Amino acid sequence: MKSIPVETRRLIVDAVKSGESMAHIASIFQVCYSTVRNYVRLDANDSLEPKKRTGRIALKITPTILEIIKAWLKDKNDLTLKQIQQKVFEQFQVEVTEAAIWYRLAAMNITWKKKRHTQKKESGPMSLIDEKTGQPK
């Protein structure tokens with residue numbers, strides 16, 4: 001949603017200062033009552049300018065840090081997220097959450113799921129029946 005221009009914000013605040021009710025002004029300008037109230041508060045601080053939109057949040061786990069994490073996992077692949085978090089802080093003095101580490105590693109298809117090396121044995125009612133005779137074991 002685009003922000004309302006400063007000139008329109010100024011008209012809204014001037015209308016409130018002239019004595020119009022905030023609800024009436026909100027209906028005239030087709031904005032929420034809370035928007036009118038916020039503009040009046042912002043005007044008290046002399047800043048009706050819209051907030052600057054920054055877009056993406058800067059990533060704390062830079063590509064350099066990510067490469068080092070991958071090297072740590074290559075050397076010792078059973079590191080926990082907590083251990084990685086501590087090592088990142090010790091080496092780079094960057095505080096990152098375990099979730100941030102997990103998301104960055106998951107994006108590179110690095111997971112902590114254990115892979116089964118043997119076939120799973122059948123269990124349940126069918127495993128109790130002898131395949132040759134069809135009789136219960």
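Looking for whichever is without any contact (Cβ under 8 Å) to a residue 12 or more places away in the chain, surrounded by 14 or more Cβ atoms within 10 Å (Cβ to Cβ) and farther than 30 Å from Ala107 by Cβ here; the options are Glu20, Glu7. Which one fits?
After applying the criteria, what remains is Glu20.
Which ones in segment 68-103 are in a helix (DSSP H, G or I) and polar (S, T, N, Q)?
Of everything in segment 68-103, those that are in a helix (DSSP H, G or I) and polar (S, T, N, Q) turn out to be Gln83, Gln85, Gln86, Gln91.
Suppose we keep only residues that are aliphatic (A, V, I, L, M) and without any contact (Cβ under 8 Å) to a residue 24 or more places away in the chain within segment 23-41. Which one would you say is farthest from Glu7 (Cα to Cα)?
Filtering segment 23-41 for residues aliphatic (A, V, I, L, M) gives 23, 25-26, 28, 31, 36, 40.
Remaining after also requiring without any contact (Cβ under 8 Å) to a residue 24 or more places away in the chain: 23, 25-26, 28.
On the way: Ala23: 20, Ile25: 15, Ala26: 16, Ile28: 15 Å.
This residue is Ala23.
Considering only segment 49-59, I want to know if a residue exists there that is within 30 Å of Leu105 (Cβ to Cβ) and charged (D, E, K, R).
Taking every residue of segment 49-59 in turn, at least one turns out to be within 30 Å of Leu105 (Cβ to Cβ) and charged (D, E, K, R).
Specify the residue that is modelled with the lowest pLDDT; the eligible residues are those in segment 42-58 that are surrounded by fewer than 10 Cβ atoms within 10 Å (Cβ to Cβ) and over 30 Å from the mean Cα position of the chain (by Cα).
Applying the filter and picking the extreme gives Asp46.
Quick check on this structure: which one of Thr35, Thr64 is under 30 Å from Ile12 (Cα atoms), of a type in the set (Val, Ile, Thr) and at pLDDT 85 or above?
Thr35
Taking segment 80-103 only, how many residues are more than 13 Å from Ile68 (Cα to Cα) and surrounded by 15 or more Cβ atoms within 10 Å (Cβ to Cβ)?
The qualifying residues number 4.
The values are calculated or read from the model by the stated rules, or taken from the named source; none is laboratory data. Keep in mind the model is a prediction, meaning the values are calculated, not measured. Backbone-built Cβ (ideal geometry, glycine too); neighbour counts: all protein chains shown.
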